[in-house]
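Have a look at the structure below before the remarks.
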Amino acid sequence: MSAIRAKGTKPEIKVRRFVYSLGYHYRLHVKDLPGKPDLVFKQRKKVIFVHGCFWHHHENCKKGRLPKSRQEYWHNKIFNNVSRDIANIEKLEKMGMHVLIIWECETQKKDVMEGKITNFLNEYT
Ligand SMILES: [Zn+2]
C-alpha cells in the first residue's frame, strides 16, 4: 500500500494528534502486522487504519466515487485495494486484534472523529 499512500498524510496526523492528546501510547506503521496499520496499541490489541476515501472506496461518500473516465482501470485498482483491506482486517481479527477504520472525510468532522476514537479506545478494556 505504500506506493499509493504517503506516510504521515494530513488525516493521519489529525488522528495521531488526537490520540496523543488522550495520553495513549502507540506505534506507527507496524510492518509485521497485516496491512501495516497506521496506529498500533499493542497491549490493548487494537489498531487504527486511517483510510483515504478514494483509494479505499468509502461507500456512500462523495470522495469515494470513481472517476467517469477509464472506469475499468479505476474499478480494478480500487477493487484490489478493497479486497486487500478486507483480507488484512480478517487476519488482524483472527490474531485477536480490534480494528478501527477512520475515514479521511471523518477527520474533517472533529466531533465524529473524536467520538469514534474515544469509543474504540474505551471498549474491550
Ligand atoms: Zn469518506
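Quick notes
- Taking the listed residues Trp74, Trp55, the one that is out of contact with any Cys (no Cβ under 6 Å at 6 or more places or on another chain) and under 20 Å from Lys10 (Cα atoms) is Trp55, with no other qualifying.
- Residue in segment 23-35 that is at pLDDT 95 or above and touching a strand residue (DSSP E or B) at 6+ places or on another chain (Cβ under 6 Å) present: no
- Output for segment 111-125, where each listed residue is within 16 Å of the ligand (Cβ to nearest atom) and open to solvent by 40 Å² or more (accessible area, probe 1.4 Å): Asp111, Val112, Lys116
- For segment 46-72, a residue qualifies if it is surrounded by fewer than 16 Cβ atoms within 10 Å (Cβ to Cβ) and at pLDDT 95 or above, and exactly one does: Cys61.
- When Ile4, Ile102, Ile89 are checked against the criterion of being at pLDDT below 95 and under 15 Å from the mean Cα position of the chain (by Cα), Ile4 stands alone in meeting it.
- Remark: pairs (first residue in segment 88-112, assigned to a strand (DSSP E or B); second residue surrounded by fewer than 12 Cβ atoms within 10 Å (Cβ to Cβ); Cβ separation under 8 Å; 6+ apart in sequence or on different chains) = His98/Glu123; His98/Tyr124.
- Test for Tyr24: is it outside any loop (DSSP other than H, G, I, E, B), more than 16 Å from the ligand (Cβ to nearest atom) and over 15 Å from the mean Cα position of the chain (by Cα): no
Condition check ((1) farther than 17 Å from Gln43 by Cα; (2) small (Gly, Ala, Ser); (3) open to solvent by 40 Å² or more (accessible area, probe 1.4 Å)) across all residues:
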{"residue": "Glu90", "(1), (2), (3)": "yes, no, yes"}
{"residue": "Glu93", "(1), (2), (3)": "no, no, yes"}
{"residue": "Ile101", "(1), (2), (3)": "yes, no, no"}
{"residue": "Cys105", "(1), (2), (3)": "yes, no, no"}
{"residue": "Lys109", "(1), (2), (3)": "yes, no, yes"}
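- Residue in segment 57-67 that is within 16 Å of the ligand (Cβ to nearest atom) and on the phi > 0 side of the Ramachandran plot present: yes
The values are calculated or read from the model by the stated rules, or taken from the named source; none is laboratory data. Nothing here was measured: the structure is a model prediction, and the numbers come from that model. In this analysis, Cβ positions are derived from the backbone assuming ideal geometry, glycine residues included, and neighbour counts consider all displayed protein chains. SASA here: full protein model, heavy atoms, side chains in, ligands and nucleic acids out. Shrake-Rupley method; radii C 1.70, N 1.55, O 1.52, S 1.80 Å.
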